[in-house]
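First up is the structure itself, then whatever we jot down about it.
Read-outs: derived from the displayed coordinates by stated rules, not from any lab. For clarity, every value in this text was computed on a predicted model and none was experimentally measured. Glycine gets a Cβ as well: all are built from the backbone with ideal geometry, and neighbour counts include every protein chain shown.
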Amino acid sequence: MVNFAPSILSADFSNLEEEVKKVSSTKYLHLDIMDGRFVPNITYGSPIIKAIRPKSEHIFDTHLMIVEPEKYIKEFAKAGSDIITVHVEATNHIHRAVQMIKNEGCKAGVSINPGTSLSTLEYIIDEVDLVLLMSVNPGFGGQKFIKSSLEKLEKLKKMVEKSNTDTVIEIDGGINFGNIKEVVNAGADLIVSGSTIFKGNPEENLNKFRKILESSWFLMKETLIVLNGLYTNNKKEFLKLIEPYNNIIAVDGGYKFLKEITQKEPNTIIGDFDSLNRDSKLLNDFNGEIYEFSSDKDKTDGELAIDYCKKNNINKISIIGATGGRIDQQYGNIILLDYALKNGIQANIIEPGLQIGIIDDKRTIKNMINFTLSIFSLSKKTTINKLTGVKYELDNHILTRESSRGISNIILKKDVLIDVSKGKLLYFICQKCW
Ligand code: DX5
Ligand code: ZN
């Protein structure tokens, strides 16, 4: 879950109570304390925190950009801070400072400037509740995001995962609508934003941030399962589709395909004994993880891939390609989505190997399961009412038909949905949910 911490540094100080109210939809409020020594600017001190504390339910996320922060920890805790973050560069005794914060009953955070190495956190990362990564040189709001922060964020994410702690990763400086996705994708859990939120209508800006993130959940650090039996001859599109995924699992023949089309190496290859041996030459110079599953006549490779994900706590996946070997390939993907959902894994299928929404002789949808963010699940037997043009109504969802290609083979008549025997793509989006 990604949270926002509006920084009141960009708020209208002459009307602070109102400004704080305008961002009451966030859990956190970011408070930038600057002393004119650690950073070339002076902002405000504990009296401001004390003044707004009774006016706000927010978790007060106090960012101390002051030298010798140890001297002021008690004061900021007393004023009402919930989290106190100090800079490793601002003290000679970061471990002591962190203990002092905890002794005051606050959550402890450490922050590092853009030029400071992550290695400075090595012996403190297990002690803190939060790491605040500066993506601008601290001192002012409205500065430009420093691009190298993304790679640093990814490394920090790995560091936190390795430390096996619930340390929150906070990013601060230059976050805007254009880079929010990348920042979250790189591993940020808590987003500080001052100028982007407080310029204009804060609530609208917050909703805009949320909307951007909502509409790209499957682009986020998700796992992509590449199944065999891909139909795409559109290499360029395929590359575009798989580009955002940083964890790729190739199943059975999916590896061969991935290699041929993209020269991209997956992180993991899973297959049964036969398939792994069939492609043994190909696998010779593969450096990633190879996982052999014992083939199961009652399960498709796709389902065995889902089992693998479950075993490895992978709970959000995208699937590309089609599961082979099932009676009716057309159901392959839909059944697979169903199987994933039943195993508590959020899944969607991305073009090109998608087939959905099969009609049966009763002209009703046989089965259709979530495939994009605006997820709605239908009971097995559902009738879809055609409204106008490409609009359909189903279970209070106003669906518009979306398709990126091959629409020609779709026969749309009153209450008959589609015929996808040619395996072309069609999916629906609910305008209300999207
Ligand atoms: C800068 C502060 C930031 C700043 C962020 O030193 O620590 O919290 O207010 O402001 P924007 O989002 O405008 O960069
Ligand atoms: Zn800050």
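Starting with the fewest neighbours, write out 126, 298, 252, 307 ranked by other beta-carbon atoms found within 10 Å of each beta-carbon.
Taking fewest neighbouring Cβ atoms as first place, the list is 298, 126, 307, 252.
Would you please name the GluC sites (Glu not before Pro) within the stretch 46-77 that are DSSP coil residues with at most 14 other C-beta atoms within 10 Å of their C-beta?
57
May I ask you to compute the full-extension gain from residue 201 to residue 12, defined as 0.36 nm times their residue separation minus their alpha-carbon distance, rounded to one decimal in nm?
Once the chain is fully extended between residue 201 and residue 12, it gains 66.8 nm.
Determine, from the Cβ-Cβ distance of residue 265 and residue 95 and an R0 of 41 Å, the FRET efficiency 1/(1 + (r/R0)^6), rounded to the nearest 0.05.
0.50
Quick one: if the Förster radius is 35 Å, what FRET efficiency do residue 315 and residue 104 give, using the C-beta to C-beta distance and rounding to 0.05?
0.45
Report the FRET efficiency, 1/(1 + (r/R0)^6), for residue 116 and residue 25, where r is their Cβ-Cβ distance and R0 is 45 Å, rounded to 0.05.
It comes to 0.85.
Using modelled backbone amide H atoms (1.01 Å from N, in-plane), which distant-in-sequence or interchain residues come within less than 5 Å of residue 5's amide H?
Residues meeting the criterion, in which the H sits 1.01 Å from N, are 191, 192, 193.
For residue 57 paired with residue 154, estimate the spin-label separation in nm (one decimal), with each label point 7 Å from Cα along the Cα-to-Cβ line.
3.9
So how much slack lies between residue 256 and residue 176, counting 0.36 nm per residue of separation and subtracting their Cα-Cα distance, in nm?
Fully extending the segment from residue 256 to residue 176 adds 24.8 nm.
Which chymotrypsin sites (Phe, Trp or Tyr not before Pro) does the stretch 119-164 hold that lie in a coil by DSSP with at most 15 other beta carbons within 10 Å?
Answer in residue order: 123.
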